[in-house]
1. List the number of the failed condition for A308; all other conditions in (1) in a loop (DSSP other than H, G, I, E, B); (2) open to solvent by less than 90 Å² (accessible area, probe 1.4 Å); (3) over 11 Å from L339 (Cβ atoms); (4) in contact with a helix residue (DSSP H, G or I) (Cβ under 7 Å, 6 or more places away or on another chain) hold.
2. Identify, please: which residue in the stretch 220-253 is part of a helix (DSSP H, G or I) and of a type in the set (S, T, Y) and is, among those, nearest to L175 (Cα to Cα)?
3. Can you pull out every residue in the stretch 371-423 that is open to solvent by 50 Å² or more (accessible area, probe 1.4 Å) and among the β-branched types (V, I, T)?
4. Residues that are closer than 23 Å to K435 by Cα, modelled with pLDDT of 95 or more and in contact with a strand residue (DSSP E or B) (Cβ under 6 Å, 6 or more places away or on another chain): does the stretch 230-251 have at least one?
5. What number of residues within the stretch 347-368 satisfy the criterion of being touching a helix residue (DSSP H, G or I) at 6+ places or on another chain (Cβ under 8 Å), within 17 Å of R408 (Cβ to Cβ) and touching a residue at least 40 places away in the same chain (Cβ under 8 Å)?
6. Any residue that is closer than 19 Å to A289 by Cβ, more than 17 Å from the chain's Cα centre (by Cα) and assigned to a loop (DSSP other than H, G, I, E, B) - is there at least one of those in the stretch 389-399?
7. If the Cβ limit is 7 Å and pairs must be 6+ apart or interchain, which residue in the stretch 17-43 that is touching a residue at least 60 places away in the same chain (Cβ under 8 Å) and open to solvent by 40 Å² or more (accessible area, probe 1.4 Å) pairs with which residue that is in a strand (DSSP E or B) and small (G, A, S)?
8. Name every residue in the stretch 174-229 that is farther than 16 Å from L117 by Cβ, acidic (D, E) and surrounded by 17 or more Cβ atoms within 10 Å (Cβ to Cβ), in order of residue number.
Amino acid sequence: MHSSSADSPSLTATGLDVRPFRALTYQRHDPGHLARVSSPAYDLVTPDGRERLAAADPHNIVRLILPGGTSGPGTAGATGPGGGRPGEDTAARAARTLREWEDAGVLVRDGTPALWLYEMQPAEGAATVGWLGAVAVAAAGGRAVLPHEDTFPPAVEGRRALLEATATDLEPIVLAHDPDPEVAALTRTALSGPSGMELTDTDGVRHRLWRIADEEVLRRLTAALARTGAVIADGHHRFAAARALHRTHPAGDCRVLALLTPMGSGGLRVQAIHRVVPDLSLEAAGEAAARGFTVTEIPAGPDPDALADAVRATGTGAEQDGREGALFLLSDGRRLLALSEPSAEVRATVPVEAPSAWRGLDVVLATTGLVGHLWHRPDDPGSVLVAHDVPEALGLASRRNGVALLLRAPSPTDVAAVARAGARMPRKSTLFVPKPRTGLVLRPHAG
């Protein structure tokens, strides 16, 4: 993502308020142990994946971030690996487990505040670097941290309940901030020293962290970040949960653990998040879509690999770049349809009063014109499921007797433009990668 004062306004006139914090980390830092006890972000963990993570180690962080299963904090009596006491709700279970791990010395708290430099190096391509810090949660309407996606209130409430019960940020949100030369220089210097934590995840991404407590470095770094603003790249629900907790407890902690990565070099990439509509046949989906799009069947082989190859050949999943051709693909896991040339009626479903950056997004037209107008489905988690890659979407469509709606990714510039305009993309529109590993650094609210 590129943004500089030379070619576009900064994200905000009010800078980021970032502070060092006393981290809570696992007592053991050897790579094998960190790989066993850490986890992907909570919203990327499938039910089967949660079971595998919980079985990998009795102290895997998934027992805290998803104490009642992949639905997260919920009602009293919910069960999951590790069990709970009768009548104990899942947020309370997570809080009790966290206290037990601290009391047993599984997790230990730093004696002094620090910031943490975090590098994610994929097997191929450039590394992504950023800083873990405690970022002030501005009131609604504040401009230091700009969201770009809608949230789902029940999901926010689940995260808020967990946050209140544990009084700990269990995983960071991710912010993409305006580039700053001093931040870049301090980052390069810190990277030259030996890291304190390292592991390689199942996707082949190497995660390395450096704890930085030098007071002069911290002063310069926080001052430099105060000159920047940021877009939420990942963690809209957790950010909204922190803001909601602050509203109900205004005298308490009003910060959130965040990984701050620069826009542009050393920053994040954007991938599409696809949709799956259960209990909708490809024939019915295509017939309804044909009332507003040109629908063309794309030849594909009979097996999943051949189907995935056909999808890749269309460019779906790559950045939305204004090119002509298929806007969306539809599949039931066996056949593949391409949708192009939306009609004036379909385009008219996109509100004309909305900012132009928002109106031009594929995901907006898909949500309003296709899912809502032609398929008559509400955009809620029960009616429209999400999938983070093409194989997941195709498999989910097949299992749920539904149809996968495969999208192109918005560009990082698109996302920043929507945030600057004060607009929100539909929920789960963007997947910024790579993702920080959950469980490496936690932030208690007290102390």
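1. Condition not satisfied by A308: (1).
2. T222
3. Within the stretch 371-423, T413 is the sole residue that qualifies.
4. The answer is no, given that none of the residues of the stretch 230-251 is closer than 23 Å to K435 by Cα, modelled with pLDDT of 95 or more and in contact with a strand residue (DSSP E or B) (Cβ under 6 Å, 6 or more places away or on another chain).
5. Residues flagged as touching a helix residue (DSSP H, G or I) at 6+ places or on another chain (Cβ under 8 Å), within 17 Å of R408 (Cβ to Cβ) and touching a residue at least 40 places away in the same chain (Cβ under 8 Å) within the stretch 347-368 amount to 5.
6. No, every residue in the stretch 389-399 fails to be closer than 19 Å to A289 by Cβ, more than 17 Å from the chain's Cα centre (by Cα) and assigned to a loop (DSSP other than H, G, I, E, B).
7. Partner pairs satisfying both residue conditions: D17/A136; R19/G133; R19/A134; P20/A114; P20/G133.
8. D178, D201
The values are calculated or read from the model by the stated rules, or taken from the named source; none is laboratory data. Since the structure is predicted, the reported quantities are computational estimates derived from the model, not experimental observations. With ideal geometry, Cβ positions are generated from the backbone for all residues, glycine too; neighbour counts draw on all protein chains shown. Side chains are part of the model used for accessible areas, which takes the heavy atoms of the whole protein and leaves out ligands, DNA and RNA. Shrake-Rupley method; radii C 1.70, N 1.55, O 1.52, S 1.80 Å.
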